[in-house]
1. Being among the aromatic types (Phe, Trp, Tyr) and touching a residue at least 12 places away in the same chain (Cβ under 8 Å) is true for just one of 223, 182. Which residue is that?
2. As an exercise: evaluate residue 199 against (1) touching a Phe, Trp or Tyr at 6+ places or on another chain (Cβ under 9 Å); (2) within 22 Å of residue 331 (Cβ to Cβ); (3) assigned to a loop (DSSP other than H, G, I, E, B) and give the number of the one condition it does not meet.
3. Between 154, 187, 143, which is surrounded by 19 or more Cβ atoms within 10 Å (Cβ to Cβ) and not acidic (Asp, Glu)?
4. Anything in the range 270-298 that is touching a residue at least 60 places away in the same chain (Cβ under 8 Å), assigned to a loop (DSSP other than H, G, I, E, B) and under 22 Å from residue 231 (Cα atoms)? List them, or say none.
5. Mind listing whichever residues of the range 47-63 are among the hydrophobic types (A, V, I, L, M, F, W, C) and under 34 Å from the mean Cα position of the chain (by Cα)?
6. Check 140, 86, 78, 94 and return the single one that is in contact with a His (Cβ under 8 Å, 6 or more places away or on another chain), at pLDDT 95 or above and on the phi > 0 side of the Ramachandran plot.
7. Give me the pairs, please: first residue somewhere in the range 383-394 and within 26 Å of residue 80 (Cβ to Cβ), second residue anywhere and of a type in the set (D, E, K, R), beta-carbon distance under 7 Å, and either six or more positions apart or on two chains.
8. Does residue 260 satisfy the criteria of being small (Gly, Ala, Ser) and over 18 Å from the mean Cα position of the chain (by Cα)?
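The values are calculated or read from the model by the stated rules, or taken from the named source; none is laboratory data. Predicted model, so just to flag it, every value in this text is computed and none were measured. Because the Cβ atoms are built from the backbone with ideal geometry, glycine has one as well, and the counts that use them run over all protein chains shown.
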Amino acid sequence: MALGGPNIYPGVLTWLGVARELTGGVPVLPVITHPLEQGSFEPEDTPKFLQDKSIRGAMTDLFYETLGVESATFSFGGPNFLDSHGYFFDNVFGDLSTIGSTPTNAATMSASTAPIGNTLMTLASAPPTQYTAGAVIQIGTGASAEVVIISSTAASNVVGFTNNPLRFAHAAATVNTVTSPYTHKFAALNSQLGYGGAFGAQPPTHTFTDVTNIVSTFTNATYGTAATNPFGARYYPFSVLKQLDFSGNAEQLLGIKMSGDSFLSQPWPSASAPTNITTNSRPIPNWNSTVSTIGPGGNQVMTDVGEFSVSFKRQTQVYWTVQGTQTPLVIARGPLNVDGTIQYDPTINEWPLDYMLLNAQAPMTIVVTNSGIPNSGTPFTLTFTMSQLANVKAKPMRSKALFGYANSFEGIANSTDVGGSGGLGPGTITLVNATPTY
């Protein structure tokens, strides 16, 4: 036995790395480590085994297991970390517009249109000297504004941003360098060209890297040889989220749980070990939230909300085809919906019941922020907006000392909760932080 005992692998030393893929299914190295509750992190390879149960005149009925098509599932969660969570929001919504602060060094894009998916932009004149590799620039304004990081510039007035393909088409747009904080708005992607110009209105995919430190060099004369995994890490390409669940109990931190599907895991593809790029952000407590809706006197903050939950859900489907591979052709995203609950606990009036009985469908916003909290770290603000919200249940609560209502709601598609791709949407997330791009 080795010094210190046999090989063992503490769960607290594992971690999850995240990065957006430029090509769906082609793995990329993690750009940030996302902190998780240890017991919630459950990636699982789920190959299908095809059973031969044809009778053969024997008192048993399973004779062969043949390996079929392959994919994986995952679920994880924990408190909010609002620098890395933007990657997951982007994966679910797909329409992301970003506005930076302190715009300076103005320039103008040439009149020719820069289409969705472009990684080059031609300016009408020579770019300002500040337009160097690593500079953060904002292209356009309003709902289709987006922020990219310059990778290169050329004397021909061409500016490159290889890791940030355009999400919207631009022509003669204003361009500026910008700084933190950045305001990111996530909405349902309605453009047929989708993220990066691939037809089908699909959001980006991500590579999730699960670092367990468990090294593998399995070779057996009977069973064969598995791929070597010298760094104890496995990556899950084409990761697709199908659910984001936010929990907002006033006595706790804002919690987030996520689940979805991906391609089958593979051993770490790089020649060097993955880098743990840990976030320094701090979670936000729910007590520093506000819930606003329409009351008798107009828009007002509800002071009797003890707990809320918001769930953004995507219909997803894994598609395999007969083309000589066990890997899916695609993991497709369908409609995006939002629902949740608001507990008026204790209630101060009968409005929660009135909202349901009148089918009022009033707008609602929920804002969570660390503003004003001592030693809270990087400033973050997270806003849920549902401009047309239907209360479908108002259940009386009598189990505590004071009376309350537990309302359930559903977001209704509308033309307000949308982004640069337009159309209709059930709700949006707005995130203010110091991260320029996702």
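1. On the way: 223 fails: touching a residue at least 12 places away in the same chain (Cβ under 8 Å).
After ruling out the rest, the residue left standing is 182.
2. Condition not satisfied by residue 199: (1).
3. Answer to the check: 187.
4. Of everything in the range 270-298, those that are touching a residue at least 60 places away in the same chain (Cβ under 8 Å), assigned to a loop (DSSP other than H, G, I, E, B) and under 22 Å from residue 231 (Cα atoms) turn out to be 270, 274, 275, 276, 277, 279.
5. Selection gives 49, 50.
6. 140
7. Within 7 Å, the pairs are 385/417; 386/417; 387/417.
8. Judged against the criteria, residue 260 is not a match.
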